[in-house]
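Each value in this text was obtained by applying a stated rule to the coordinates, not by laboratory testing. Just so we're clear, the structure is a prediction, and the values are computed from it rather than from any experiment. Every residue, glycine among them, receives a Cβ derived from its backbone with ideal geometry; neighbour counts consider all protein chains shown.
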């Protein structure tokens, strides 16, 4: 009987709480909108951070990257390729150089690599290219292969001539598009510009002889991806105490190393995400404090009628939670179209942009926390409300 | 219904009650050694100028405030000694409240407002509906059940408040200036209702009022001034 009474009171309390929210519709609506915007911002900022890391997560653990032990800006002799190929466990080796040219101006940035045309695509099966286009690329020194997304963005087609102004390698470099690759799945980067390493090397011999026959990184294929640690150690041991010592790691670790360079920015973005939640928490706490103050006489009346302190503080908390969860859930739903729009606008920056379940769980938890924190002070105050004082309150 | 306070059992027994409020560091005595008996079924008006302590005495009798000293026996229960939760339960079961400004929940309609105290009982939904409909019919608002307070006149709102006060069938009804915010006609309607509650249902009513016409409707009039009981008169004496 007692539990029936309690559940009856609980249902009534929820009804009263939701009806109270409709008393000042504009105020409730604006508060809800504020919460929704905060939750969307929180979700979006977290997704930006997640997507940054997701690029690295996509890096195949079946591939190793070998670079100079000294620094990424130091090069390795291309002759290392043969010695790496002989290391047990290695199935294939290719290499790439960062080109860093400018197309039109700096705003039209896209990643450009000089690759070994014969071996590169064998290690990157996720770049799908028509065989005739690959043959055409391999036959011509000035040919390039570009990603579908990059081609679409710039309106490029097969046969188009592209001129880049070299920054690392001086001069104007003219290329012809002979192939357009697509990603094997929607997580593959379709924004690369791939040229012949041999073409680059020929011109470098003439203009920068000291940089000739060198590569930025070797990409190493494995017979068994479980052997990555042993093979990495074996490759590095081959070149230990040489003039060009190496550092080998999985592609994922290599890419995470890049992300570590912008780690401070990512921490700042994460901090901003939480600050946004804190701000709306303060705004809503003010709203709830105002609402509770306006209803002082009602709370006193409820107490006079025999409702205990627990009914009143739960009523205030229920109202606060209803408001924050309504705003929060709306914000969670809104996160999907907003993040889609954001992804469309920033496709060059991210390979994938997905709202993760963990982010949604955090959004829900934030909404819950906003409701509890905003309602807790007026709820506690209501337990201290003296009935006769409350009945005299002017509202 | 004829009423004889001498032959009726005592419902309220106030003994040596003092009430002192603290204003900053300054103690402000409001009631000074009040001794009072109110019989079951009596209809009492508490009268006196502002600051005389009449509302404070009403609050003590209703169990929404506690005396600084003294005993308050109501139906044999020393309510001054009850812990907060027990006192709330006692109020829910024994006291009906009528306030000057009605104190209805603005977001609830008349039916829901009257139903509110029944949520503290074990009545089923159907039983609650029956009680609420009876109470609203008694105050003449059976056709206004789904109206919200802002859709009702002041007099109608006070009648809803009376329905809320009687719906749990309490022994005691306390009314603090129940006609203070009403026009003459509405005030008469409310006083007629209180007469019926006392005369037909035998409810004990304690009412605070400034208005001598209003006080004249009560059987017993108790006068207070500066926290002291000056005396009482009842219709039996007239």
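Once you have all Cα-Cα distances for segment A:344-395, histogram them in 10 Å bins from zero and send the whole-percent values.
Computed distribution, short to long bins: 19, 23, 20, 15, 11, 9, 2.
Please report the spacing between the Cα centers of segment B:72-137 and segment A:125-178 in Å, no decimals.
83
Need the C-alpha centroid separation for segment A:279-294 versus segment A:320-360, integer Å.
25
So how far apart, in nm, are the two label points at residue A:182 and residue B:21 if each is 7 Å from Cα heading toward Cβ?
Result for the modelled spin labels: 8.2 nm.
Give the span of segment A:70-244's Cα atoms along each principal axis, as three whole-Å numbers ordered largest to smallest.
46, 38, 30
Going highest first, how would you order B:9-15, B:157-163 by mean Cβ packing within 10 Å? Let's see the in-between values first.
Working: B:9-15: 17.1, B:157-163: 27.4.
Result, highest mean Cβ count within 10 Å first: B:157-163, B:9-15.
Counting only other chains, what is the mean number of Cβ atoms within 10 angstrom of the Cβ of each residue in peptide A:301-313? The partial results should precede the final answer.
Working: counts 10, 5, 4, 12, 15, 17, 7, 6, 3, 1, 3, 0, 0.
Per residue, the number of nearby Cβ atoms from other chains is 6 on average.
Take peptide A:386-392, look around each residue's Cβ out to 10 angstrom, count Cβ atoms belonging to other protein chains, and average those counts.
Numbers: counts 2, 7, 9, 1, 1, 9, 1.
Taking all residues of A:386-392 together, the mean is 4.
If you take the beta carbon distance between residue A:126 and residue A:282 as r and set R0 to 45 Å, what does 1/(1 + (r/R0)^6) give as a FRET efficiency, to the nearest 0.05? Please report the intermediate quantities before stating the final value.
On the way: r = 47 Å, r/R0 = 1.04.
It comes to 0.45.
Once you keep just the Cα pairs under 8 angstrom separated by 6 or more residues, what percentage relative contact order results for chain A?
Working: 636 pairs, mean separation 113.2, N = 395.
In percent, rounded to a whole number, it is 29.
Suppose R0 equals 25 Å. What FRET efficiency, 1/(1 + (r/R0)^6) with r the Cβ-Cβ distance, do residue A:263 and residue A:376 give to the nearest 0.05? Could the numbers behind the result be given before it?
Values: r = 35 Å, r/R0 = 1.39.
Once the sixth-power term is evaluated, E becomes 0.10.
Pop a pseudo-label 7 angstrom from the Cα along the beta-carbon direction at both residue A:29 and residue A:245 and give the gap in nm to one decimal.
6.8
What does a probe at residue B:169 reach in segment B:92-134, counting residues whose amide N is under 15 Å from the point 7 Å along Cα→Cβ?
In segment B:92-134, the label zone of residue B:169 (backbone N under 15 Å from the point 7 Å along Cα→Cβ) covers B:93-96, B:118, B:121-124, B:127-134.
What distance in nm separates the simple spin-label points at residue A:336 and residue A:293, each placed 7 Å from Cα in the Cβ direction?
4.1
Within 10 Å of each Cβ of B:117-123, how many other protein chain Cβ atoms are there on average? Could the numbers behind the result be given before it?
Numbers: counts 4, 1, 10, 8, 3, 5, 2.
Counting other chains' Cβ atoms within 10 Å and averaging over B:117-123 gives 5.
Work out how much length residue A:226 to residue A:360 would gain on full extension: take 0.36 nm times their residue separation and subtract the Cα-Cα distance, in nm to one decimal. Please list the in-between numbers first.
Working: separation 134, 0.36 × 134 = 48.24 nm, distance 3.32 nm.
The span from residue A:226 to residue A:360 would gain 44.9 nm if fully extended.
For chain A, what is the calculated [θ] at 222 nm in deg cm²/dmol (nearest 500), taking -39500 (n - 2.57) for each run of four or more DSSP H residues and dividing by its residue count? Mind dumping the intermediate values first?
Numbers: 14 runs with 224 residues, N = 395.
Helix contribution divided over all residues of chain A: -19000 deg cm²/dmol.
Just order B:51-59, A:373-381 by mean Cβ neighbour count inside 10 Å, highest at the front, would you?
Numbers: B:51-59: 22.3, A:373-381: 20.0.
The densest-packed peptide leads the list: B:51-59, A:373-381.
Over all Cα pairs of segment B:39-150, how is the pair count split among 10 Å bins, expressed in % and running from 0 up to the last occupied bin?
The calculated distribution, bin by bin, is 12, 34, 33, 19, 2.
Return P(r) of segment B:10-234 (all Cα-Cα pairs; 10 Å bins starting at 0; whole %; ordered from short to long distances).
In order of increasing distance, the bins hold 8, 33, 35, 19, 4, 0 percent.
If one computes P(r) from the Cα atoms of chain A, what percent of pairs lie at distances over 41 Å? Mind showing how you got there, number by number?
Working: 30298 of 77815 pairs.
When every Cα pair of chain A is considered, 39 percent fall beyond 41 Å.
Regarding segment A:59-157, what whole-number volume in Å³ per residue does the convex hull of its Cα atoms give?
Numbers: hull volume 14.6 nm³, N = 99.
So the per-residue hull volume is 148 Å³.
Give, as ranges by residue number, the residues of segment A:209-229 whose backbone N falls under 19 Å from the point 7 Å along Cα→Cβ of residue A:74.
Hits in segment A:209-229 for residue A:74 at 19 Å: A:210-219.
Provide the convex hull volume over Cα atoms per residue for segment A:286-395, in Å³.
On the way: hull volume 11.6 nm³, N = 110.
In segment A:286-395, the Cα convex hull volume per residue is 106 Å³.
Relative contact order for segment A:32-188 using alpha-carbon pairs under 8 Å, separation at least 6, rounded to a whole percent? Kindly include the intermediate steps, with their values, before the conclusion.
Numbers: 164 pairs, mean separation 31.4, N = 157.
It rounds to 20 percent for segment A:32-188.
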